[in-house]
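K.L.:
Right, I'll just put the structure down here and ask away after.
The values are calculated or read from the model by the stated rules, or taken from the named source; none is laboratory data. All figures in this text were calculated on a predicted structure; none of them were measured in a lab. Glycine gets a Cβ as well: all are built from the backbone with ideal geometry, and neighbour counts include every protein chain shown. Areas reflect the complete protein model, heavy atoms only, side chains present, ligands, DNA and RNA absent. Shrake-Rupley method; radii C 1.70, N 1.55, O 1.52, S 1.80 Å.
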Amino acid sequence: MSTLSVFPKNKPCRTKIIATIGPASSSEETMRELILAGVDLFRLNFAHSGPEKLQPLVDQIRRISAELQQPIGILADLAGPKIRLGEIPGGEFRCLTGTIVHFVRGSSTESPDVFTTTYPVLIDELNEGDRILLADGTVSLQVVRKFPDSADCQVIQGGLVRSRQGVNLPGVALSIKTLQPKDIENARWAVEAGIDFLGLSFVRSPEDIHELRALLASAAEKKIGKDQWNLLSEGDRKIHFPNIIAKIEKPEVLEQLDAIIEAADGIMVARGDLGVEVDIAKIAVVQKKIISTCTRMNKPVIVATQMLESMTEESMPTRAEATDVANAILDGTDAVMLSGESAVGAHPILVVQTMNRIARETENALLNGPKCDLPGLSASRHIMIDQNLPESVRVSIAVCDAAGSLAETINASMICVATRTGRTALNFSKMRNRVMTVGTSVYDEVLRRLCLYWGVIPVGGIDTDPKGMLTAFVDLAKKADYLKKDDRVVLTAGIGTIAEERNVVYVHTVH
């Protein structure tokens, strides 16, 4: 049974905030302040650390969460097949437009205009005419001649490149697997450590997601034992391993976006590598397309990278950055993510407070304006039920939609969603109800997953019948000053006939 049975002291904003942990934010005191400033999930990055360094951070987050009695989710990013330059003699080299540079096999070179990479078969997979982007896309090369052990490239757009910087190959078909051996090892650890969300980098097809899910399920079965595993429903099994967040970083995945979103538990618009490989003029439209597709398919979506980048050093964001955060929320994103701003920035707490302020002001426009003026509200208000969905899912969506409309009609102060696996709370999240929604579950694992769902406040429930649970829930809300006498609460719950089917709606007046 959940021990996290306390309402947050301050009513949180509805857009969820993810902060990446790094040297600037890894202390226990700073993490606690970040949570109080508005962080809902912490991101750990396998690209820079392994389990031996991340496990103490996981333990610390869980300890602070228990102390504050507030669910906090953990998202861990697998590194994936990131291709990087090798060491450049002298550490850096300025590529001049129109000149020729060279890629060669091997791990080292003696000339700064001859590059090696961490991808051994790069030369085999390049063709004349292919583009190569370096230094976050600021340097552009084109392959003009290819030899058995090298490739000559003309510099189309010059600039400075440094050792170990990323290499992007837009449009080049690579044989490298999405799940690298280190990723497999780290994914198994994530199951053991109880990580809530696992980011899959450089997804290229739904099969990448299916492969990771099978790996996670196998590790979870081993963790809890085969006999107990066989007794669990499919929904209950998923509680025991991380939700998969597919990171959209390659332009080719846009051609099979629906299939990838369907296969994943959530999506991250990872604008770092995506912004390098997609024409800069198209990136805003691509972001909007991904968000709207996630809304239609009832999946949570995160917008990430450079959201408040200038605050890595400055104490205020630029106007363009503030607008960027607001527009993502208006488009319907569930969460916004900080990367270097919170990991290595000079003001990690201030940057979260600033993002929180922007989110609250933007949500006022969403929730207090006309219903159909903004996509973040209107696009998902009345969900069309896909007849291909299982009957229990269609019943749940229909009941949630009706309960949300009921709550607004009677001017309810709160919607209480009793959920076993979190799916019902996600239904409510995607409807963008104006009425405050609280998700309650008997499982801490589920409560932590609710930390990603827009507008859902996770509060630990009581393992009893719906009516008894409502009484205990209202008592908690009154003590926290979330409810007062004569307020109305709408509760959706199941009576246990079918797991996760919402077949009961209560309207309760607070006495």
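K.L.:
Kindly sort Arg296, Arg32 by accessible area of their heavy atoms, largest first, with the probe set to 1.4 Å. Could you put the intermediate results ahead of the total?
P.N.:
Details: Arg296 150, Arg32 55 Å².
Per-residue accessible area, sorted high to low, gives Arg296, Arg32.
K.L.:
Counting only C-alpha contacts under 8 Å and six or more residues apart, can you give the relative contact order of the chain as a whole percent? Provide the component values of the computation, followed by the final result.
P.N.:
Details: 1093 pairs, mean separation 82.6, N = 511.
This gives 16 percent for the chain.
K.L.:
Then there's this: So for the chain, what are the equivalent ellipsoid semi-axes in whole Å, largest first, each being the square root of 5 times an eigenvalue of the Cα gyration tensor? Kindly include the intermediate steps, with their values, before the conclusion.
P.N.:
Working: eigenvalues 368, 110, 94 Å².
Equivalent ellipsoid semi-axes, largest first: 43, 23, 22 Å.
K.L.:
Whole percent per 10 Å bin, from 0 to the bin with the longest distance: what is P(r) over all C-alpha pairs of the range 241-333?
P.N.:
Once binned at 10 Å, the Cα pair distances of the range 241-333 give 16, 48, 29, 7, 0.
K.L.:
Please give the length that would be gained between Ser233 and Asn411 if that part of the chain were fully extended, namely 0.36 nm times their separation in residues minus their C-alpha to C-alpha distance (nm, one decimal).
P.N.:
Working: separation 178, 0.36 × 178 = 64.08 nm, distance 3.70 nm.
Between Ser233 and Asn411, full extension yields 60.4 nm more.
K.L.:
Right, another one. Gain in length, Ala402 to Ile156, computed as 0.36 nm per residue apart minus the alpha-carbon separation, to one decimal in nm? Mind dumping the intermediate values first?
P.N.:
Working: separation 246, 0.36 × 246 = 88.56 nm, distance 5.71 nm.
Result: 82.8 nm gained on full extension.
K.L.:
Once phi is turned into θ = phi - 60°, what whole-Hz ³J(HN,Hα) does the Karplus curve with 6.51, -1.76 and 1.60 give for every residue of the range 397-407, x standing for Gly and Pro?
P.N.:
With coefficients 6.51, -1.76 and 1.60, one gets 5, 5, 5, 4, 5, 5, 5, x, 5, 4, 4 Hz.
K.L.:
Is there a pair in Lys146/Lys250; Lys11/Lys226; Lys182/Lys250; Lys53/Lys479 whose C-alpha atoms are over 32 Å apart, and which pairs would that be?
P.N.:
On the way: Lys146/Lys250 25 Å; Lys11/Lys226 42 Å; Lys182/Lys250 21 Å; Lys53/Lys479 39 Å.
Check vs 32 Å cut-off fails for Lys11/Lys226; Lys53/Lys479.
K.L.:
Report, to two decimal places, the Cα Rg of the range 290-352 normalised by 2.2 N^0.38 Å (N = number of residues). Write out the running numbers ahead of the final one.
P.N.:
Working: Rg = 12.6 Å, N = 63, 2.2 N^0.38 = 10.6 Å.
Cα-based Rg divided by the globular estimate yields 1.19.
K.L.:
Further question on the same structure: DSSP beta bridges in the chain, what fraction antiparallel, as a percent rounded to 5? Please list the in-between numbers first.
P.N.:
Working: 30 of 72 bridges.
If we restrict to bridges inside the chain, about 40 percent are antiparallel.
K.L.:
A follow-up question, please. Output the 0 to 90 degree angle, nearest 10, between the alpha-carbon long axis of helix 283-296 and the longest principal axis computed from the alpha carbons of the chain.
P.N.:
It is inclined by approximately 30 degrees.
K.L.:
Right, another one. If you bin the C-alpha pair distances of the range 202-262 every 10 Å from 0, what whole percents do you get?
P.N.:
Reading upward from the zero bin: 21, 43, 24, 11, 1.
K.L.:
Please turn the phi angles of the range 25-41 into ³J(HN,Hα) values with the Karplus equation 6.51 cos²θ - 1.76 cosθ + 1.60 (θ = phi - 60°), one per residue in order, whole Hz, x for glycine and proline.
P.N.:
Per-residue couplings from phi come out as 9, 8, 6, 4, 5, 5, 4, 4, 5, 5, 4, 5, 7, x, 6, 9, 9 Hz.
K.L.:
Compute the acute angle (0 to 90°) between the alpha-carbon long axis of helix 348-368 and the principal axis of greatest extent of the alpha-carbon atoms of the chain; round to the nearest 10°.
P.N.:
The two axes meet at around 60 degrees.
K.L.:
Could you list which residues have their amide H under 5 Å from that of Gly439, counting only those 5 or more apart in sequence or on another chain, with H placed in the peptide plane?
P.N.:
Amide H neighbours of Gly439, under 5 Å, 5+ apart: Val417, Ile457, Val459.
K.L.:
Return one number: the angle in degrees, 0 to 90 and rounded to the nearest 10, between the long axis of the Cα atoms of helix 181-193 and the longest principal axis of the Cα atoms of the chain.
P.N.:
Tilt of helix 181-193: around 20 degrees.
K.L.:
May I pose another question? Specify the inter-centroid distance of the range 17-82 and the range 199-226, based on alpha-carbon positions, in whole Å.
P.N.:
The distance from the Cα centre of the range 17-82 to that of the range 199-226 comes to 22 Å.
K.L.:
Please sort 117-127, 303-313, 411-421 by packing, taking for each peptide the average over its residues of neighbouring beta carbons within 10 angstrom, highest first.
P.N.:
Highest-to-lowest ranking by the protection proxy: 411-421, 303-313, 117-127.
K.L.:
For the range 341-346, take each phi angle, set θ = phi - 60°, evaluate the Karplus expression 6.51 cos²θ - 1.76 cosθ + 1.60, and give the result in whole Hz per residue in order, putting x for glycine and proline.
P.N.:
After applying 6.51 cos²θ - 1.76 cosθ + 1.60, I find 4, 9, 7, 10, x, 7 Hz.
K.L.:
Suppose each label sits 7 Å from its Cα in the direction of the beta carbon; what would the Ala284-Ala472 distance come out to in nanometres?
P.N.:
5.0 nm
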